[in-house]
Amino acid sequence: MKSASAADYLHQTSLLRLLAVLALVLSAHVPTLPSWEVILLGAGLGWRALASLRQWPLPRPWLRSVIVLLVFAGVFASYGRINGQQPGTALLVAMAVMKVLEMRSRRDVMVTVFLMYFILLTHFLHSQEMWTAIYLLVCAVTITALLVDVNHPGQALPLRRSVEIGGRMVALSVPLALVFFVLFPRIPGPLWGLPVDAGGGGASRSGMSSEMAPGDISEMILSERTAFRVSFLDTVPPPRQRYWRGPVLDQFDGRAWKGSAMSQGIRKPEARLESSAISYQVIMEPHRGPWLFALDLPDPGLLPPKTFIASEYQMMRGGNVNETLLYKLRSHTRYVLQAELPPMVRRVNLGLPKGFNPQAAELARQLREQHGEPEAIVQAVLQKFRKEKFVYTLRPPRLGRDSVDDFLFRTQRGFCEHYSSSFTYLMRAAGIPARVVTGYQGGEQNLLGDYYTVRDADAHAWSEVWYEGRGWVRIDPTSAVAPNRIERGISEALGADEGLPDFLDRSGGASLRIRLQAQWDWLDSQWNRWVLGYGPELQQEFLQRFGIRDWSGMILALTVIATTLLSVIGLLLLRQFAPARNEDLAVRLWHRAQRRLLKAGIAQRPTEGVRDFAERVSLEHPEFASTVQRAADAYLKLRYLEGESPALQAELTQAVKAIRA
């Protein structure tokens, strides 16, 4: 059988470079692929390299067909389907390696190289962060260098030379790419309009969800992921007022709180905004939920496009947030929300499951009989949290079926979701409409930029109770147990024995890490603002500064600038690849001899060599025979035989001077 040597269509060095570049391109997909496919990729690339080095034959067609069928079966078993972002990407990656196992011609090589370019785009389906763009730029340079190398017949180019050419070609494309990015009409929505299926389910990437159970938020505290960044345009509210309203949960099943269909309705409640407005701008990371986070309480008169205030004053979007989103808001920290409570809303916010938490229900009954007024009942429960041995901790014990009873009367150790859940339960059991609100609290000011970063570690849950004439009032039971949580953040509220992650450590010894973290966060915020957040609104705002106010002006500017850039790039390429001008002294002297003869009407023909030209001149113009023959002999010796000879250079110079027309 014929060996698998690539010598007929690709130099062995170039083939090994191709395998190395393919491994680089696929490496970022490794964390998202099933373990069996990672093993398959490593085995396929490794075997192909050994086959080239040891001249092994390529797999037979029937064996490759079996492997392809097994790959399809494996993808279906891992994802439950073969279409969609994740299974589709897994198939594409596997097929790229399978293509390497059947490369027999230059056409196969070119297909593999261009497939690498396409695979680069799929990385943005998983991450659009700055480091991803840097990694993909490096990959684009290496693939282009490989493209230069495989198109060099005979032998592989020196690695430095091919990388230099590839880098230059990519650099020439950057100005045009920037023009298209700035001027091309922006289409709102996720990349390519594909559904986001990574991770499955409805959980959000930022960790916030439409339901809350004991332990959910305490797990989020361990995540350093950024939820959103906020730039205040004038007044910065104090920490105790920085509650970022998210999903409102009004149904309790005995363990978890969930949002009802009513909470997602489009009929917003009446709100009277009393304090002065606080204006700010939010750059929110994708979280795959329909809600936007806003400082409690957002002004409904200034909402982002395609956004509405739902029936429980959640700020909702028409679809899930699957891309970085930039929006501006105005909020009021003092307000009266829904002073009149409709009967249906009252019933929902008093509802409790039957047969759960009998001790808590009895405690609520006693509080109602003892205090009567809702405000007094609220203060009594908060006083209970303050005086008894309740502990604010990231490591609460597991709770049983009657989770509220277990927390209030047995463990008394919990995180914010434990306190808000038990408090809301007690309020409802005492006949006071109440609900749980989840979101974020606080935010850390960046040391370099004038903005605040809100992370998953700032996730929080609190309660809202309804008072006659005052509407919904925020009550944060966590503040009764750990007031430092509200004023100074999570790191000040928990003890050193809680095992906080390093990014929450604000001790003096962590100053260098804090500065580096702030620098990176600032760079990341600029990337999110000007690249990922560059949507239709920001594009319109940016282009209006240059007098471009509509699509026709945008397209005209795009056409003019793109044409100019293409012309400049074309001229640079022509100049780069134009034949180099020969500055050899012998050539310059012979051109001088040609010009002298041209004055006498004697011209060297394009197809005529130097010696033939000298013989023709001797026959047709004997008066020039000796001088032209002498100049031709000196030129040929100097140009092709003896190189840089001062004696021959002098002889050729004298012979040219002797030619007088």
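The values are calculated or read from the model by the stated rules, or taken from the named source; none is laboratory data. All figures in this text were calculated on a predicted structure; none of them were measured in a lab. As a convention, Cβ positions derive from the backbone with ideal geometry for all residues, glycine included, and neighbour counts pool all protein chains shown. Areas reflect the complete protein model, heavy atoms only, side chains present, ligands, DNA and RNA absent. Shrake-Rupley method; radii C 1.70, N 1.55, O 1.52, S 1.80 Å.
Summarising the amide proton neighbourhood of Val391: residues at separation of 5 or more, or on other chains, whose placed amide H is nearer than 5 Å comprise Arg413, Gly414. Considering only Cα atoms, the convex hull volume of the range 266-390 works out to 186 Å³ per residue.
Relative to the longest principal axis of the Cα atoms of the chain, helix 159-183 runs at roughly 50 degrees.
Ranked from largest, the principal axis spans of the Cα set of the range 24-88 equal 39, 28, 15 Å.
The Cβ shell under 15 Å around Ala600 holds other residues with a net charge of +4, Lys and Arg each +1, Asp and Glu each -1.
Under 5 Å from the amide H of Tyr335 lie the amide H atoms of Glu274, each residue being 5 or more positions distant or on a separate chain, with H modelled from the backbone and absent for Pro and chain starts. If a/c stays under 1.5 just call it rounded; otherwise compare a/b with b/c (prolate if a/b is bigger, oblate if not). Do that for the range 269-314, with a ≥ b ≥ c from the square roots of the Cα gyration tensor eigenvalues. Oblate, since a/c reaches 1.5 and b/c is not below a/b. No solvent, one uniform scatterer per C-alpha: report log10 I(q)/I(0) for the range 360-428 via the Debye equation at q = 0.27 1/Å, two decimals. For the range 360-428, the Cα-only Debye profile gives -1.31. Output the 0 to 90 degree angle, nearest 10, between the alpha-carbon long axis of helix 610-620 and the longest principal axis computed from the alpha carbons of the chain. Here the helix axis deviates by roughly 40 degrees. Computed from phi, the 3J(HN,Hα) profile of the range 302-318 under the Karplus parametrisation 6.51, -1.76, 1.60 (θ = phi - 60°) reads 9, 10, x, x, 6, 10, 9, 8, 7, 5, 10, 6, 8, 8, 10, 10, x Hz, with x in place of Gly and Pro.
Of all DSSP bridge pairs formed entirely within the chain, close to 95 percent run antiparallel.
Taking amide H as placed 1.01 Å from N in the peptide plane, Leu292 has its amide H under 5 Å from the amide H of Met315, Met316, Arg317, each at least 5 places away in sequence or on another chain. Tell me what the chain gives for mean residue ellipticity at 222 nm when only DSSP H runs of n ≥ 4 count, each as -39,500 (n - 2.57), the sum divided by the residue total, rounded to 500 deg cm²/dmol. Theoretical 222 nm ellipticity from helices: -15000 deg cm²/dmol. Taking 1.306 mPa s as the viscosity and 10 °C as the temperature, the Stokes-Einstein diffusion coefficient of the range 86-159 based on its alpha-carbon Kirkwood radius rounds to 117 µm²/s. All alpha carbon pair distances within the range 355-398 were sorted into 10 Å bins beginning at 0; the resulting P(r) in whole percents reads 24, 42, 29, 5. Only one residue of Leu295, Thr13, Pro646 has its Cα farthest out toward the positive end of the dipole of the chain, where Lys and Arg carry +1 and Asp and Glu -1 on Cβ, and that residue is Pro646.
Lysine pair count for the chain with Cα-Cα distance under 21 Å and sequence separation of 8 or more or different chains is 8.
Descending by average beta-carbon neighbour count within 10 Å, the peptides 57-70, 82-95 line up as 82-95, 57-70, the highest first. Put +1 on the Cβ of each Lys and Arg and -1 on the Cβ of each Asp and Glu in the chain; which of Leu53, Ile165, Ala632 then has its Cα farthest toward the positive end of the dipole? Of Leu53, Ile165, Ala632, it is Ala632. Taken over the C-alpha atoms, the chain has Rg and Dmax values of 37.1, 135 angstrom.
Across all Cα atoms of the range 409-490, the radius of gyration (one decimal) and Dmax (whole number) stand at 14.8, 49 Å.
Each 10 Å bin, from zero up to the one with the longest distance, holds this percent of the alpha carbon pairs of the range 9-142: 11, 43, 36, 10, 0. Here the Karplus relation 6.51 cos²θ - 1.76 cosθ + 1.60, evaluated at θ = phi - 60°, turns the backbone of the range 518-527 into coupling constants of 5, 5, 5, 5, 5, 4, 5, 5, 5, 4 Hz, with x for every Gly and Pro.
The fraction of accessible area contributed by carbon and sulfur in the range 266-315 is 52 percent, rounded to a whole number (1.4 Å probe; ligands and nucleic acids excluded).
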